[in-house]
Amino acid sequence: MADSQGPLWEVFVQKKAGQPFVHCGNLHAFDKEMALQNARDLYTRRGEGMALWVVLSSNIVSSSPEDMGSFFEPSNDKIYRHPTFYQIPDGIKHM
Amino acid sequence: METNFEARFEEKLAKNDVIEPKDWMPENYRKHLIRQISQHAHSEVVGMLPEGNWITRAPSLRAKLVLLAKVQDEGGHGLYLYTAAESLGISRDELLDALHTGKAKYSSIFNYPTLTWADIGAIGWLVDGAAIMNQVMLQRTSYGPYARAMVRICKEESFHQRQGYEVMTKLAFGTPEQKEMAQDALNRWWFPTLMMFGPPDAESPNSDNAIKWRIKRESNDQLRQRFVNQTVSQAEYLGLTVPDKNLKWNEAKQGYDFSEPNWAEFKAVIHGNGPCNKDRLEARNKAHNEGEWVRAAAAAYAQKINESIAA
């Protein structure tokens, strides 16, 4: 929502190198540089991260709760995608 | 169709599921949350004022650094909460306007003055202590963005309470004058802090819905009782006296009996007649108006950049 505060940005923080970026919140800023600096001041005051992503909220595409059932349903009956579906003889190790 | 959505909403609450911004929700749930979260945000922001009063007069460089960091945290808490409220479909401008025109409320506690350095200790110890009690409960509130903001805030608030108690410790074990200052602060902040939990359950207009919708999980009186139970021994350690003649351990209920705060005073302060209501609103408006050129400059610069990209 754009108002006198600038558009909304979503903030993702990476705790340590090699780990995934995790969503931590959002903020208003007028441009990407300001968004990044505000994200640093707002979400990493206590060593919460080593790297940040900021993304305009309006650029995020998300699934909708009403379609949740039909959208994720196709994977529910494919139990053969899980390792526990397969029977391994007793005594077999490292598997 | 509406009843169908409503049934699903009720079902989610019954299962302890979290409601997210894109989920259907009853209009009154949305309104209740906007009111509660924005009041909470305003409280964080206005809460910077009584403490900001002492930044330039903190008794040591260490105390000053700590207070600056704490006030910066409060500003951050306000920002987390404002965006949580905005996810319900209200703009930051509308929220700030409601604060600046006096239409929206904030915690009555911030309408009391910080007269001495001991008040900074008492605020951290008591006011932040009471806020934590409420906020720990709200980490499990039914609205996702509010709950997530609370988790972050609770992590940070612990420092606030501990630094306040440290200030009280230094004064209480210092010179007789310092100890007296600490006692005076406790005398002035005790009952206003108890008021922070809101009116007694029997007279709380918004409590029923808040519990029904799992926005709150405990009542005002339950939280107030727990706060008193936890805080009395902390005061005893300091050698300070809680200013309540009726305070007494009750073996049967495994908790303290204590006096009700002066609810007439609470109402007066909420309705604008506390010692500092006018100052707080003036200070907020002044800060907002004096920041106008910064917002205008940033917006103009962003527009210039966007046009040069488009060209």
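The values are calculated or read from the model by the stated rules, or taken from the named source; none is laboratory data. Just so it is clear, the structure is predicted and the values come from calculations on it, not from any experiment. FYI the Cβ positions are ideal-geometry reconstructions off the backbone, even for glycines, and counts take in every protein chain you see. Just the protein is used for accessible areas: all its heavy atoms, side chains included, with ligands, DNA and RNA removed. Shrake-Rupley method; radii C 1.70, N 1.55, O 1.52, S 1.80 Å.
Leaving out ligands, DNA and RNA, calculate the buried accessible area for the pair B and A with a 1.4 Å probe, summed over both sides, in Å² to the nearest 100.
1900
Could you do me a favour and compute the accessible area per residue for the stretch B:143-247, 1.4 Å probe, result in Å²?
I get 47 Å² per residue for the stretch B:143-247.
Using only the Cα atoms, what convex hull volume per residue in Å³ does the stretch B:194-257 have? List each step's numbers first, then the result.
Details: hull volume 6.9 nm³, N = 64.
Roughly 109 Å³ of hull volume per residue.
Which of the listed residues, B:Ala14, B:Leu49, B:Trp24, is farthest toward the dipole's positive end in the stretch B:1-57, when Lys, Arg count +1 and Asp, Glu count -1 at the beta-carbon?
Highest projection toward the positive end goes to B:Leu49.
So for the protein assembly as shown, what are the equivalent ellipsoid semi-axes in whole Å, largest first, each being the square root of 5 times an eigenvalue of the Cα gyration tensor?
Over the Cα atoms of the protein assembly as shown, the semi-axes work out to 39, 29, 24 Å.
Once phi is turned into θ = phi - 60°, what whole-Hz ³J(HN,Hα) does the Karplus curve with 6.51, -1.76 and 1.60 give for every residue of the stretch B:58-63, x standing for Gly and Pro?
4, x, 8, 5, 4, 4
P(r) tail for the stretch B:52-150, what percent of Cα pairs lie past 21 Å?
Result for the distance tail: 46 percent.
Can you compute the charge dipole magnitude of chain B about its Cα centre, using +1 on each Lys and Arg Cβ and -1 on each Asp and Glu Cβ, nothing else charged? Give it in debye, rounded to the nearest 20.
Roughly 380 debye, rounded to the nearest 20.
Can you figure out the FRET efficiency of A:Ile88 with A:Gln19, using R₀ = 45 Å and their beta-carbon distance, to the nearest 0.05?
The computed FRET efficiency comes out at 0.90.
Please name whichever of B:Trp213, B:Thr241, B:Met150 sits farthest to the positive end of the charge dipole of chain B, dipole taken about the Cα centre and charges placed at Cβ: Lys and Arg +1, Asp and Glu -1.
B:Met150
Normalised by the number of residues in chain B, what is the relative contact order in percent for Cα pairs under 8 Å and 6+ residues apart? Mind dumping the intermediate values first?
Numbers: 337 pairs, mean separation 57.8, N = 311.
Over chain B, the number comes to 19 percent.
Any chance you could check the stretch B:261-309 for residues losing 50 Å² or more of accessible area when the partner protein chains are in, compared with the chain on its own (1.4 Å probe)?
B:Arg295
Give the accessible surface of chain A per residue, rounded to a whole number of Å², with probe radius 1.4 Å and ligands, DNA and RNA excluded. Present the calculation step by step, with values, prior to reporting the outcome.
On the way: 7030 Å² over 95 residues.
Result: 74 Å² of accessible area for each residue.
When the dipole is taken about the Cα centre of the stretch B:1-124, and only Lys, Arg (+1) and Asp, Glu (-1) are charged at their Cβ, what size is it in debye, to the nearest 20?
Using only the charged Cβ atoms, the result is roughly 500 debye.
Relative to the Cα centre, what is the charge dipole magnitude of the stretch B:37-110, using +1 at the beta carbon of each Lys and Arg, -1 at the beta carbon of each Asp and Glu, and rounding to the nearest 20 debye?
380
Taking the square root of 5 times each eigenvalue of the Cα gyration tensor, what semi-axes in Å does the equivalent ellipsoid of the stretch B:100-178 have, largest first?
Whole-Å semi-axes of the equivalent ellipsoid: 28, 18, 8.
Could you compute Rg(Cα) / (2.2 N^0.38 Å) for chain A, with N its residue count?
The value comes to 1.67.
Report in % the part of the accessible area of the protein assembly as shown that belongs to carbon and sulfur, leaving out ligands and nucleic acids; probe 1.4 Å.
With neighbouring chains kept in place, the figure for the protein assembly as shown is 56 percent.
Quick one: which residues, 5+ away or cross-chain, put their amide H under 5 Å from the amide H of B:Ala104? H built at 1.01 Å from N.
Close amide H contacts, sequence-distant or interchain: B:Leu99.
Among A:His94, A:Trp53, A:Ile79, which residue has its Cα positioned farthest towards the positive end of the charge dipole of chain A, with +1 placed on the Cβ of Lys and Arg, -1 on the Cβ of Asp and Glu, and the dipole taken about the Cα centre?
A:His94
Would you mind giving the three semi-axes, in whole Å and largest first, of the ellipsoid equivalent to chain B according to its Cα gyration tensor?
In descending order, the three semi-axes are 34, 28, 17 Å.
With each pseudo-label sitting 7 Å past Cα toward Cβ, what's the A:Trp53-B:Tyr237 distance in nm, one decimal?
So the two model labels end up 4.4 nm from each other.
Work out how far the C-alpha atoms of the stretch B:104-260 reach from end to end along every principal axis, then list the three figures in whole Å, largest first.
50, 36, 28
Indicate the residues belonging to the stretch B:90-135 that lose 50 Å² or more of solvent-accessible heavy-atom surface (probe 1.4 Å) upon moving from the chain alone to the assembly of all protein chains, ignoring ligands and nucleic acids.
Listed by number, the residues meeting the 50 Å² cut-off are B:Arg92, B:Asp93.
Sum up the charges of everything whose Cβ sits under 14 Å from the Cβ of A:Ile60, counting Lys and Arg as +1 and Asp and Glu as -1, but leave A:Ile60 out.
Counting the neighbours of A:Ile60, the net charge comes to -1.
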